[in-house]
Amino acid sequence: MPKIGIMSFAHMHAYSYGACLNALPEAEFVAVWDDKPRRGRAAARQFGATFVSKLEKFLDLDLDGVIICSENVKHREMTTLAAQAGKWVLCEKPLATNVADAHAMIKACEKAKVGLGTAFPCRFAAPLRVARDRIVSGEFGAVYAAACTNNGSNPGGWFAEDMLSGGGATMDHTVHVVDVLRWITGKEFRKVYCEAGNVLHRDTLETDDVGLLQLEMEGGAQVSHVASWSRPKSFPTWGDVTIEFICEKGVLNVDAFNQRVDVYSDAAMKAEWVSWGGNPDLGLVRDFVRAIMEKRPPCATGLDGLRATEVTVAAYESLKSGNVVKIRA
Amino acid sequence: MNLAIIGCGGIGRMHAEMAARCGLKIVACADKDPDAAKALARRYNALATTDADGAIRRPDVDIVLVTTPTPRHAGVVIDAAKAGKHIFCEKPFASTVQQGRTAIAAVKKARVKLFVGHVVRYFHEFETLRAQIQAGKIGEPGYVKMYRGGIYPGGPSSWFRDYAQSGGVTFDCMIHDLDWLRYMFGEPDRIFCQALRRSEPEKLDYSQVTLKMRNGMLALVIGTWAHPAGFQVKVEVCGSAGMLQFDSNISSLSAMKREVKGAGPTMIVPSSAEDVSPYELEWRDFIGWIEGKHEPRVTPEDALRAVEIALAALKSADTGRPVEL
């Protein structure tokens, strides 16, 4: 049974991954390391794992894999150290905030002969899986266009600090949809144009809170994408991932997290959308554990993380230059 | 006051009814297709003719309604102005900025009134969105998403299906949203557009437009004539202290008819169950302006600017680059 550790609870998804590890019979959630000992100790206690305050001691543990949920800019260092210690790595998205870091992470894992996964749980969301199956089946013919959104609420904290996050809503909320479209169409992104704004949270954030991307894929499909932290505190859920596919033989709409029951509770004094859908994080973590057991690459690899990062980086280049930017691939 | 209708297609018929509701008398119906002219004229006991100029110049005509295909709008507006008639012109005002400028000059010279039907400014749902924003409910708006469209309109030989004439969904349909954005949030600085404009194997258009507004706001506008059926309008306005959403699919009344295969409807007019149609409201606004009661909500310059912005979108789609406005 693979023994897994979590490195850093800076990203809130770590709490979900911790719960998933505990829910999986085929994995053992052994240890936590965090550069903020208080946070790490509390999380370890919550999940029944051991907190190890010294990084070297954590890496000396008999762990098969680690899940890295640090601030974005620390992914490279943690991944490299974990790989050198022979651990398989599942890294929170975005894999990196620049292309060089992503390449270095892939290289380090290759050299150490450990698998590297990027946390793209959308690949395990049933509505997106069904959308992929239907498009891949050819039932809708060619994909001509897609209009996408990944809206969320203001995460605050380090997300809004450029030095730790590498960027704002565009950095945070571009890669999921980029990965999903690559995964569904099997095609790469070729060009991007980006506008971004910071009107919504400019009192509290130094980064962009809305990014509007216009992209072109191999074969010419035209894509628009909204990466935002635009959902107000009063909104009934955290946000969304939606895609409208315009295809040769029809239109397919997917609203990945809209399997919901609407709850009106006087205790909350705001409407709540409670999901009845599956938990994509569970699929993601299970895949990582099984990849370790089967010695195969995780579903979304480091290369997938790199490709998504290339798009985000090009979007920020476009924002700076005001022009369409070609994406290297 | 008496009305001559130039162009008796779907939109012409709809405006005829609205004008009649406002007390205008329809005296002449002109169309290149005599049957279309006759069909509409019969309903109002009006003269049916293929001679647009003759209809415009009739001494008993006070107002000319221009509901021809878009490329002819400016020419008919100029003819009507020269004949000293007030003019209600369907959007888009003109096919080119130059046409629009020439038409406005003719209208100014003749001292007649020109109104262009940017009817979305009169839609109850859009007025409600406007009131909520102006009341400060969502704080400072920072990002807007607008979505409009459905099936590709027009029969197999319709001018809508000729991109050179209609401009596709970007020019003919999205111009509503481009106008409303400017009406609400001021001038755009920069525009970027990707537009499908396919003809094979089927007519399909899907347009995605990004606007950077002068005040720092962002807008994404999507127009579709790529759907197999239906018509939908969605608006989302995100602010510093809240958000507004409207979706025409969430409605008090819905109905669905089986449609004929292989062709779209001749025109698409979004409709809800309401006491007064927004199309009637724009006629009331126009008539009140003629009667000297108030200034209109849409000026000819607004209509020209909407044409400029929509054409800039198409230029961006053609060149693959952003266009500064």
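The values are calculated or read from the model by the stated rules, or taken from the named source; none is laboratory data. It should be emphasised that the depicted structure is a prediction, and the values quoted were computed from it without experimental measurement. Glycine also receives a Cβ, built like all others from the backbone with ideal geometry; neighbour counts cover every protein chain displayed. The area values use the complete protein model at the heavy-atom level, side chains included, leaving out ligands, DNA and RNA. Shrake-Rupley method; radii C 1.70, N 1.55, O 1.52, S 1.80 Å.
Odds and ends about this structure:
- Entry remark, segment A:143-188: residues being assigned to a helix (DSSP H, G or I) and surrounded by fewer than 18 Cβ atoms within 10 Å (Cβ to Cβ) number 5 in total.
- Candidate set: segment B:281-320, residues that are surrounded by fewer than 18 Cβ atoms within 10 Å (Cβ to Cβ), over 20 Å from B:ALA74 (Cα atoms) and of a type in the set (Asp, Glu); chosen: the one nearest to the chain's Cα centre (by Cα): B:GLU295
- If the condition is being on the phi < 0 side of the Ramachandran plot and hydroxyl-bearing (Ser, Thr, Tyr), then segment A:2-27 contributes A:TYR15, A:SER16, A:TYR17.
- Residue in segment B:205-220 that is most open to solvent (accessible area, probe 1.4 Å), counting only those that are more than 7 Å from every other protein chain (Cβ to nearest Cβ) and either part of a strand (DSSP E or B) or not basic (Lys, Arg) (or both): B:ASN215
- Looking only at segment B:221-245, and only at residues there that are open to solvent by 50 Å² or more (accessible area, probe 1.4 Å) and assigned to a strand (DSSP E or B), the one that is nearest to A:PHE140 (Cα to Cα): B:PHE231
- Scanning segment A:294-329 for residues that are touching a residue at least 12 places away in the same chain (Cβ under 8 Å), in a helix (DSSP H, G or I) and open to solvent by 80 Å² or more (accessible area, probe 1.4 Å) turns up just one, A:LEU303.
- Being closer than 21 Å to A:SER165 by Cβ and free of Cβ contacts under 8 Å to residues at least 12 places away in the same chain holds for only one residue in A:ARG231, A:ARG202, and it is A:ARG202.
- Residue satisfying condition, being in a loop (DSSP other than H, G, I, E, B) and farther than 30 Å from A:ALA142 by Cα, within set B:GLY288, B:GLY292: B:GLY292
- Test: A:GLU216 is crowded, with 24+ Cβ neighbours inside 10 Å and facing another protein chain (nearest Cβ under 10 Å): no
- Residue within segment A:115-126 that is touching a residue at least 12 places away in the same chain (Cβ under 8 Å) and more than 28 Å from A:ALA23 (Cα to Cα) present: no
- Within segment B:59-140, helices (runs of 4 or more DSSP H) holding 3 or more residues that are among the polar types (S, T, N, Q): B:97-110, B:124-134
- Failed condition for A:ALA291, given (1) of a type in the set (A, V, I, L, M, F, W, C); (2) assigned to a loop (DSSP other than H, G, I, E, B); (3) in the same structural domain as A:LEU95 (by TED's automatic domain parsing): (2)
- Check on A:ALA31, touching a strand residue (DSSP E or B) at 6+ places or on another chain (Cβ under 9 Å), of a type outside the set (Val, Ile, Thr), modelled with pLDDT of 95 or more and in the same structural domain as A:LEU116 (by TED's automatic domain parsing): yes
- In segment A:24-57, of all residues being touching a residue at least 40 places away in the same chain (Cβ under 8 Å) and closer than 23 Å to A:GLY305 by Cβ, the one that is surrounded by the fewest Cβ atoms within 10 Å (Cβ to Cβ) corresponds to A:LEU24.
- A:ASP203 satisfies every condition listed in (1) at pLDDT 95 or above; (2) within 13 Å of chain B (Cβ to nearest Cβ); (3) open to solvent by 10 Å² or more (accessible area, probe 1.4 Å) except (1).
- Subset of segment B:137-178 (residues that are farther than 24 Å from B:ARG305 by Cβ and without any contact (Cβ under 8 Å) to a residue 24 or more places away in the chain): B:SER157, B:ASP162
- Within the set B:ALA80, B:ALA46, B:ALA55, B:ALA39, the sole residue that is out of contact with any Cys (no Cβ under 8 Å at 6 or more places or on another chain) and modelled with pLDDT of 95 or more turns out to be B:ALA80.
- Residue match in segment B:238-251 (condition: under 21 Å from B:ALA310 (Cα atoms) and more than 11 Å from chain A (Cβ to nearest Cβ)): no
- Screening segment A:269-293 for residues that are of a type in the set (A, V, I, L, M) and either touching a strand residue (DSSP E or B) at 6+ places or on another chain (Cβ under 6 Å) or free of Cβ contacts under 8 Å to residues at least 24 places away in the same chain (or both) and picking the one that is farthest from A:GLU92 (Cα to Cα) gives A:MET269.
- Total residues in segment B:152-170, condition assigned to a helix (DSSP H, G or I) and open to solvent by 10 Å² or more (accessible area, probe 1.4 Å): 6
- Unmet requirement for A:ARG260, which otherwise passes all of (1) within 21 Å of B:GLY239 (Cβ to Cβ); (2) of a type in the set (Lys, Arg); (3) away from chain B (no Cβ under 14 Å): (1)
- In segment A:262-293, the residues that are within 20 Å of A:PRO121 (Cα to Cα) and either touching a His at 6+ places or on another chain (Cβ under 9 Å) or exposed (fewer than 15 other Cβ atoms within 10 Å of the Cβ) (or both): A:VAL274, A:SER275, A:TRP276, A:GLY277, A:GLY278, A:ASP281, A:MET293
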